[in-house]
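In what follows, a structure is listed as C-alpha cells, so that the remarks can point back to it.
The values are calculated or read from the model by the stated rules, or taken from the named source; none is laboratory data. The model shown is predicted, which means the values in this text are computed figures rather than measured ones. No Cβ is skipped: glycine too gets one built from the backbone with ideal geometry, and neighbour counts run over all protein chains shown. Surface accessibility is based on the protein's heavy atoms, side chains included, excluding ligands, DNA and RNA. Shrake-Rupley method; radii C 1.70, N 1.55, O 1.52, S 1.80 Å.
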Amino acid sequence: MTKQVKPVLQAKILLVEDDEDDYIITRSHLEDLTSFDSHLTWVTNSLEGLQKLTEGNFDVCLLDYQLGAETGLSLLKQAVDSGISTPIIMLTGQPDKQLDLQALEYGAADFLVKSELSEARFARAIRYALSRREFELERLNRLRLEADNRSKDRFLAHLSHELRTPLSSILGYTELLLESDHTEDARPELNIILNNGKHLLSLLNDILDLSRITANKLELRPEPTSLRHLMLDIYTLLKVTAIDNGLELTVNSLTPLPRLITVDGTRLRQVLINLIYNAIKFTDAGSITVDLWMQQDAAKEMLMFRITDTGVGIPQRQLKDIFAPFTQIEDYLTRKKGGAGLGLAISSELIQRMGGSIDVVSEEGKGSVFTFSLDPGDITDTQRKPLSLEPSLNNIGGAHNKLALTGEVLIVDDLADLRKLSAHWIQATGASVDFAENGAEAIAKVKHKIASGSYYDLILMDLHMPDIDGREATVAIRQTGYQYPVVALTAAMAKGIRQQLTALGFNDVLSKPITKNQLYRALRCYLTGNSALTDNAALTDTSAADSLPLHFLVVEDDTEAAQLMQILLESLGVKTTLAHSAEECMRELALLHRFDRILLDLGLPDSDGLQLIERIEHNYPDNIVIVVSGHEHDVAASGSAIVQQSLLKPITKQALNRLVLTCR
Ligand code: ADP
C-alpha cells in the first residue's frame, strides 16, 4: 500500500526584522517546518516592508514589534489602511497582553512571542494565516466578479437601448414608406429592409435574454392574466403569417380553462409565439393546431399547451439537443430558414421557471408536436370556460354603432346566398350595399358610379366567378381610375397569394367562408379610412381619429426617434408635442400643465429619467407617464404613482394604437 503523502504548502514569507540574530533564529525555525516549503524574504525597516507588501507577492508577513525607533504597529496600520490583504503576524519580544490586543485590533492575523516560539506554534500561526489569505483572496475575487457582473448588466442595458433606438427608426420609417403611395417601385426592397430589421431585433432580444439567463438575472413577473385575451392576441398576430404561408392555424381548448391565470404574460406570449412561429416556419403545407387543456399532475393541476404541425419534422438523433442553445438542425430543408437557434433554449428555460416542462415528439417528413405545461397559479376560485377566440357579439355591435359606418360597399359574388349574408352583416353596421353577380357587372357598376361623380367606399370581390373572374375584374376596375379599397374573398388560400393579389391591385384578402368578425375587421379598417389590413393592427386600428383629439408630449433626445413617434402618433389622430431634453419637457409642462400622456425616454442627456419623473409628479401630478425604454423597465421600480406602463423600443404603430385606445 502506498503511503499518502501530505501536500507541502508553498509559503512566500516576508520578514520585517531589524535584528540579524532574530532573523537567523526565525529562518532556522522556518527551515525546521516540514509541512511548509517556505521562501523567506528579509527586510529590516518599515519603509521597505511596506514597499514589499504593496507589491503583493507574499502569502504571510512576519512583523517585528520593535523596529528601531518605530513600532511595527504603525506599519501594520498603514498596510491594513491601504487595503493590503497579506496576513500579518506580529512578533514580540515579551508577552504583553495589551500589545497583543492592540495588534489584533489593528488587523494582525496573529501574534507570536519570540522567546516562546515552538515549531508547532509557528506552524499553526502560518497555516492559519495562509488559510486566512486564501479566504481573503476568494472574497476579493467574489467582489471583483460581482462588480464585473454589475457593469456587464449596465453595459447590456445600455447596449440594448443604443441598438433599439436606431432600429426603431429603421423599422418605423420603412413601415411608413411601405404605406406611402409614392414607393410602389421600391416595395420589394423596402420589404427586405423591414424583414431584416425585424430579424435583427429578434436576434437582439434572444441574445439579451440568453445573457440574462446565463447571469441568472432573468426575473419573471407573474400577474393575473386573462388566458382568452392572451390567446386571442397571439392568434390574431400569427393567423396572418399562417395565411400568408398557405397554412391553417387553429386554437382549441380540450377542457374548460380558467378565465384568469397567474403568469408572466409577456414571457408566456414569447414562448407561444416562438413555438407557433417555428411551426409555421418549418411547415410547407397543412395546418398548425394549438390545443390547451388542464391536467392533474402529482402535486398540482397544470395548464397544458400542445403545438402540432404537419411540417418537415426533426430527425430523431437531434431531438435530444433541440432545447440546447445554438442548436439548428443542419438540413437542406431548414438551413435556408434563418434564426440563431436560441428560441427553444430560451423557451424551455422560461417554461421551467414557470413551474413546467417542455417535450417534443417528431417524425421526419410528418411533423412535430411540442407539448409544455405550466403552473397556472391559484385557480381555485376562478371560473372555467372552454376557450372562445371570437370577440363577443356585443362588443362588435357596440364598436360599430359607435363608428356609425356610412359608406357604400359593392359586393361582387356569383352566389346569391353569400351576397345576402354579407349584405346583412354590412347593413347592420349602418353602411349601405350594392351588388354585382359577376365581374362584368362589377366593372360596369364602377364605371357608372364614376360617371355620376361618386364612388364605392369598398369593393368585396369574390375571386372565383365564371367568365370574368375577380382578378380580371379588379385589374379592369383599377384601369378605370378607381382608387378605393378592393378586398378579395377566396376559399383557396395559398402561399404567396397575398403578394400576387396586391400586385394586381387588391388591398387585402379574406379567406372564405368569411366570418362576421373577419368582415367587421375589414369594414372597421377600410371604411374608417385606415390603411391596410396587413397585420393585426387592423383589429384595433379603429376609432382613433373619431373622438376629441388627444395631445401627447413625447420626451426623446434622439431626433429621428422623436420625429418617427410624432408621425406615428399623428397618423393615429394624436396631436404631438416634442421635447428633446428634461428642461424642454418641463418648459412644455409649464405652458400646458397637462397632456393626455407623456411618453418619456429614460436616457436623456440633461437629467436622469427617474429624477425627471419625480419632478413631473411633484409639479404636475395630473399627468400620466409612459416610460419608453430600450430595455425592460420595471414600472414599479420608478416608485412613482404617475408612471402607468412602459413601452419597449422599437415602438410600433400597433403598440401606440393600443395606448391611444386606452386613453379614450
Ligand atoms: P431558430 O431561431 O433557429 O428557429 P429555435 O431554438 O427556435 O431556433 O429552433 C432550433 C432549431 O430546431 C430550428 O433551427 C429547427 O431546425 C428546429 N425546429 C424547431 N421547431 C421546429 C419545428 N416545429 N419543426 C421542425 N424543426 C423545428
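Data table
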| read-out | value |
| --- | --- |
| Rounded to the nearest 20 debye, dipole of the chain from Cβ charges on Lys, Arg, Asp, Glu | 2280 debye |
| Among I322, S452, P95 the positive-end extreme of the charge dipole of the chain (Cβ point charges) | S452 |
| Packing-based ranking, highest mean first, of 36-42, 483-489 given that Cβ atoms within 10 Å are counted | 483-489, 36-42 |
| Residue-normalised accessible area of the stretch 401-501, given per residue in Å² at a 1.4 Å probe | 48 Å² |
| Structure-based [θ]222 nm, the chain - -39500 (n - 2.57) summed over DSSP H runs of at least 4, per residue, nearest 500 | -14500 deg cm²/dmol |
| Relative counts (whole %) of C-alpha pair distances in the chain, using bins that are 20 Å wide | 14, 35, 25, 15, 8, 3, 0 |
| At R0 = 25 Å, FRET efficiency that the Cβ-Cβ distance of V361 and S226 yields, to 0.05 | 0.25 |
| Å² per residue, accessible surface of the stretch 1-126 at 1.4 Å | 56 Å² |
| Descending semi-axes in Å of the stretch 46-159, equivalent ellipsoid built from Cα gyration tensor | 34, 16, 11 |
| The chain, accessible surface, carbon-and-sulfur percent (1.4 angstrom probe) | 53 percent |
| R0 of 22 Å, Cβ-Cβ distance Q645-S607: FRET efficiency to nearest 0.05 | 0.55 |
| Value of Rg to Rh for the stretch 403-457 (Rh from inverse mean 1/r over Cα pairs, i.e. Kirkwood) | 0.99 |
| Descending semi-axes in Å of the stretch 550-613, equivalent ellipsoid built from Cα gyration tensor | 18, 14, 8 |
| Cα pair distances of the stretch 68-125 binned at 10 Å [whole percent] | 23, 53, 23, 1 |
| Nitroxide proxy distance, nm - points 7 Å out along Cα→Cβ at R142 and N191 | 5.8 nm |
| Rounded to 10°, Cα long-axis angle of helix 97-106 versus longest principal axis of the chain | 30 degrees |
| Cβ crowding within 10 Å averaged over residues, with 470-478, 141-149 ranked highest first | 470-478, 141-149 |
| Residue-normalised accessible area of the stretch 191-274, expressed per residue, 1.4 Å probe, Å² | 48 Å² |
